Amino acid sequence: MPRLSLAEAVERATAALQEAGASFEMARTTAQALVLAEAQGIASHGLGRVKQYATHLRNGRADGRAQARVVREHGAALLVDAGQGLAFPACALAVERGIAVAREMGVCFAGVTSSHHAGVLVDHLRPAAEAGLVGLGFANSPAAMPAAGGRHPVFGTNPMAAIFPRPGHDPLLIDLSLSEVARGKLMVAARKGEAIPTGWALDKHGQPTTDARAGLEGSMLPIGAASSPKGAMLALVVELLVTALTGARLGFEASSFFVDEGNAPRIGQAFLLIDPGALAGRGAYDERIEALLAEMLVDEGVRLAGARRLALERQARVDGLEVADGVL
């Protein structure tokens, strides 16, 4: 397979998105995020998304000329309107402004409305960790999972993320979809013609399936759906945090990301940024987090959250990325 440096990959992705109608700022911010995902080994949110985003730009599902802007700010809360553009510039603005507010107020809740697919959610929070802040992230997505006890898709896979800075060490990076697996894994399996495990998805008739394409046409199963409604309840919490508070579309009101035609999703994201110094203090925060991690690492085989993806990213910065011919 061809190999590209990260810089070359960013340039190619930027050019492709600009050709599809994105402004340079939107294209570059999006390309950087997709290349970062690819470098971390997260192919489901990496360069394979360029074609999808470009198609959405061409078909009017995303506005390439949108300018993200802060439309409301009150105390420690603010709202960014993505203007139906790709999500990355709006999320970057929300976190950037949120960091400034959290430094002043101790905390900030930054919502994003009228947005699009947010990629690897925890990566939006990296600037917060660099600023010494704890960050939480939430996002909804087009309906792909049933409510507890239901059969038709109501919620998206609704990822949530967290980042915890550590002095002198990599931050902890936690990022999970509330479906049994991210829907992007079905996209990758469908592209490769591979079967998926039972328990990942239902077909359009509400029956379990091992066919990735049938799963994309049907619905994903929430985490723990076989024994508990907890995953669906968490999806409900995220759905309300990023829609009821921001005015964004509910998942069932947005057309799937995996179809070319459809409406502009206009979904939501939200970021909660917290200054540890505003609570027990920076010293207490550092001591408590290190005490916990030391206890975790007593057991052989424990891996700190985000360690693998950060190791892969460092290696990719040296070796570049192998990119499939079709994606290239």
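Throughout, read-outs are computed from the coordinates displayed, never taken from laboratory work. Everything quoted here is computed from the prediction, not taken from an experiment. Because the Cβ atoms are built from the backbone with ideal geometry, glycine has one as well, and the counts that use them run over all protein chains shown.
Below, the figures for the structure above:
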| quantity | calculated |
| --- | --- |
| Distant-in-sequence amide H partners of R69 (H built 1.01 Å from N, under 5 Å) | D81 |
| Furthest towards positive pole of dipole, G168, A201, S228, structure part the range 167-252, Cβ charges | A201 |
| Whether the range 195-328 is rounded, prolate or oblate, judged on the alpha carbon gyration tensor where a/c under 1.5 counts as rounded | prolate |
| For the range 142-147, Karplus couplings with θ = phi - 60° (6.51, -1.76, 1.60), whole Hz, Gly/Pro x | x, 3, 9, 10, x, 5 |
| From phi via Karplus (6.51, -1.76, 1.60), per-residue ³J(HN,Hα) for the range 128-134 in Hz, x at Gly/Pro | 5, 5, 4, 8, x, 9, 7 |
| Chain lengthening between L310 and T55 when straightened (0.36 nm per residue, less Cα-Cα) | 88.8 nm |
| Residue among G83, G48, G106 farthest towards the positive dipole end of the range 13-129, charges placed on Cβ | G48 |
| Alpha-carbon Debye profile of the range 139-255, log10 I(q)/I(0) at 0.12, 0.16, 0.22, 0.24 Å⁻¹ | -0.44, -0.72, -1.15, -1.29 |
| Estimated vicinal HN-Hα couplings, Hz - the range 160-176 in sequence order (Karplus 6.51, -1.76, 1.60; Gly, Pro = x) | 9, 9, 8, 9, 10, x, 9, x, x, 9, 4, x, 7, 10, 10, 8, 8 |
| Inter-part distance where the range 101-145 and the range 43-61 are each reduced to a Cα centre, Å | 21 |
| Inter-site label distance for F252 and L292 at 7 Å from Cα along Cβ, in nm | 3.5 |
| Ratio Rg/Rh, restricted to the chain and using Cα atoms, in which Rh is the Kirkwood radius | 0.96 |
| As computed over the range 14-125, the Cα convex hull volume per residue (Å³) | 84 |
| Most mobile listed residue (V238, V318, V298) in the chain, GNM with C-alpha springs under 10 Å | V298 |
| Max mean-square fluctuation residue, GNM over the chain, Cα-Cα springs under 10 Å, options A284, A27, A143 | A284 |
| Computed helical MRE - 222 nm, the chain, DSSP H runs ≥ 4 contributing -39500 (n - 2.57), nearest 500 | -11500 deg cm²/dmol |
| Rounded to the nearest 20 debye, dipole of the chain from Cβ charges on Lys, Arg, Asp, Glu | 540 |
| Least to most buried among D260, D299 (fewest other Cβ within 10 Å first) | D299, D260 |
| For V154, distant residues with modelled amide H under 5 Å away | A144, M145, A147 |
